Amino acid sequence: MVGGGLGGVAAALAALRRGRTVLLTEPTDWLGGQLTSQGVPPDEHPWIEQFGATRSYRALREAIRDHYRRWYPLTSVAHATTDLNPGLGRVSRLCHEPRVAATVLAAMVGPHLAAGRLTIWYAHRPIAVESDGDRVTSVLFEGPDGTRVEASAPFVLDATELGDLLPMAGVEHVTGFESRDETGEPSAPAVAQPDNMQAFSWVFAVEHRDGEDHTIDRPDQYGFWREYQPPFWPDRLLSLVAPDPRTLEPVARTFVPHGSSGPVVADQSRDPGDKDLWIFRRILAREQFQPGFLASDVTIVNWPMIDYLPGPLIGVSDEERDKHLDGSRQLALSMFYWLQTEAPRPDGGTGWHGLRLRPDVMGTADGLAKTPYIRESRRIRARRTVVEQDLSLAVRGEHGAVSYPDSVGVGMYRIDLHPSTGGDNYIDVGSSPFQIPLGALLPVRIRNLLAAGKNMGTTHITNGCYRLHPVEWNAGEAAGALAAHCLANGLEPAQVHETPALLERFQNELVADGFELAWPAIRGY
């Protein structure tokens, strides 16, 4: 498994449960990807506590809650709450610290490390792939000290954040927008735009200490970012005004540390939750803990105002990529400095000098996440590609999403595309609860490489709802299960996909392992 994000970890656990030996590689020192090293609390559908995820994903969520119950001084009410939400954030019913999720994921894989069937290479990234015809034979990795090591396996799963193995292995793939002629999607452009991708963001965690001054030095690029306003944006990025994703009308957000704006509704079908930015992605709420335990709430800054628009990370030179990475970090630090010095306060003043970065929460020296939050990857040319009209609420209506005979899981989220590097504003489309087709994990040609994350067979449009935490986990888990199933039965993935009896046998195995392959009768949003 190349890449230790949610898809990679789920894939590894699925294969390990089936008795296989696994090598898992990860470029950082944390497992978990968008949940941990990228610093993003889970974006989930409103039914997640009842159904709509695999058993192992639900076990991850409950283990995170149990960590807080066991080790943190919760109030008696919070401790007894079944659906404990440590941060009382509005983005999800489970808003928590990235480092807690990293701890829990490490605990989940720990027994397999002890048994000697799992090996993890942290701080390793793939740099080359060897192939023989339609099969990948080995992957070359570079470690933190520049040493290189090669690994071979009968199956290789690409769970990297950007689909790094695809160009290295010559896997047919696509980037950016497909054309409407190719996909038939209502929201696709007339002409393909392969360099036009969703913005990435460098996320950070903050708290506020009343009466203290934690103002950082003015970031090097603050002058540029302070005046930066995309042509389609209603104000400068460094402001509290941004479009409503669904209507594109300008909306002024609020940001008041420890302010109260009423009961928390963590249900995006009823309230997107993004109007109060302090509460939106809050991961620690003082009221959930014994009095005096926390000096401040802690909240995650992952807002549209830190979406990096000048260029993508895919399809550019190393020099250009590094420029964009540095620019994204500078944008994040500039937003933080603006909040400290210029953001409007309810009392008519400006700036929250008591805002403080929380490096410990992010596991870094500077308080920014270990890596940027990646929304869009290279995507395989798959045996089955999910398109907008398969699940768009406007297209499908009361019929619900297309039912795939090769379903290996389910997911639900609006088609939520952030502004893009090509100058597009939000594309936000209602979605029907959907399935994950097995064919979307299988490249059209390569026989032993499987997609195990955001690089699966979606389009630019449908990536907007397949990129979220539970879907990435489910896709990776299905890929890991398929690799193990094929090894145990002397099969190839294409055989399982093409042969109804073999497919049914595999799907029955998934159901026994806690996968949900179809939704009950519910309507999307």
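Remarks
- Taking the accessible area of the range 291-429, probe 1.4 Å, and keeping the other protein chains in place, the carbon and sulfur fraction comes to 49%.
- Per residue solvent-accessible surface (Å²) - the chain, probe of 1.4 Å: 36
- Cα centroid of the range 474-507 to Cα centroid of the range 217-254, whole Å: 47
- Calculated FRET efficiency for the pair Val444/Arg345, C-beta based, R₀ 45 Å, to 0.05: 0.20
- Quarter of Cα convex hull surface for the range 346-493, i.e. mean projection, nm²: 13.8
- For the chain: relative contact order, % (alpha-carbon pairs under 8 angstrom, 6 or more apart): 22
- Cα centroid separation, the range 112-177 to the range 1-69 (Å): 19
- Most positive-pole-ward Cα, Tyr404, Asn455, Ser431, against dipole of the range 348-461 from beta carbon charges: Asn455
- Backbone N within the range 429-472 under 18 Å of label point (7 Å from Glu509 Cα along the Cβ vector): 437-443, 447-452
- In units of the rule-of-thumb radius 2.2 N^0.38 Å, the range 250-343 shows an alpha carbon radius of gyration of 1.35.
- Heavy-atom accessible area order for Ile216, Ile461, largest first, 1.4 Å probe: Ile216, Ile461
- Approximate spin-label separation Glu182-Ser317, in nm, with each point projected 7 Å along Cα-to-Cβ: 2.6
- Length-normalised contact order of the range 170-286 in % [C-alpha pairs under 8 Å, at least 6 apart]: 12
- Rg ratio for the range 1-159: its Cα radius of gyration over 2.2 N^0.38 Å, N being its residue count, equals 1.17.
- For Lys275, the lysines whose Cα falls under 30 Å of its own Cα, not counting residues fewer than eight places away in the same chain, are Lys370, Lys454.
- Computed over the alpha-carbon atoms, the range 430-525 gives an Rg to Rh ratio of 0.96, Rh here being the Kirkwood radius from the mean inverse distance.
- A 1.4 Å probe over all protein chains sorts Trp233, Trp519 by accessible area into Trp519, Trp233, starting with the largest.
- Spin-label zone in the range 9-26 - amide nitrogen under 13 Å from a point set 7 Å from the Cα of Ala488 along the C-beta vector: 14-21
- Percent carbon-and-sulfur accessible area, the range 68-175, ignoring ligands, DNA and RNA, probe 1.4 Å: 54
- Estimated Rh, the chain: Kirkwood, alpha-carbon pairs, angstrom: 23.3
- Taking a point 7 Å out from the Cα of Glu49 in the direction of its Cβ, the residues of the range 447-488 whose backbone N falls within less than 20 Å of it are 469-471.
- Shape parameters for the range 142-293, alpha-carbon atoms, Rg then Dmax in Å: 22.1, 60
- Of the DSSP H helices in the chain, those whose Cα atoms cover at least 20 Å axially and whose Kyte score averages 0.0 or more: 98-115, 469-489
- Karplus-derived 3J(HN,Hα) values for the range 158-170, using 6.51 cos²θ - 1.76 cosθ + 1.60 with θ = phi - 60°, are 8, 10, 5, 6, 10, x, 4, 6, 4, x, 5, 9, x Hz; glycine and proline are entered as x.
- Amide H contacts of Val408 (H built 1.01 Å from N, under 5 Å, at least 5 apart or other chain): Ile436, Leu438
The values are calculated or read from the model by the stated rules, or taken from the named source; none is laboratory data. Note that this is a predicted model, so its numbers are computed, not measured. When we count neighbours, we look across all protein chains shown, and the Cβ atoms used for this are built from the backbone with ideal geometry, even at glycine. Remember, those area values only see protein heavy atoms, side chains included, never the ligands or the DNA or RNA. Shrake-Rupley method; radii C 1.70, N 1.55, O 1.52, S 1.80 Å.
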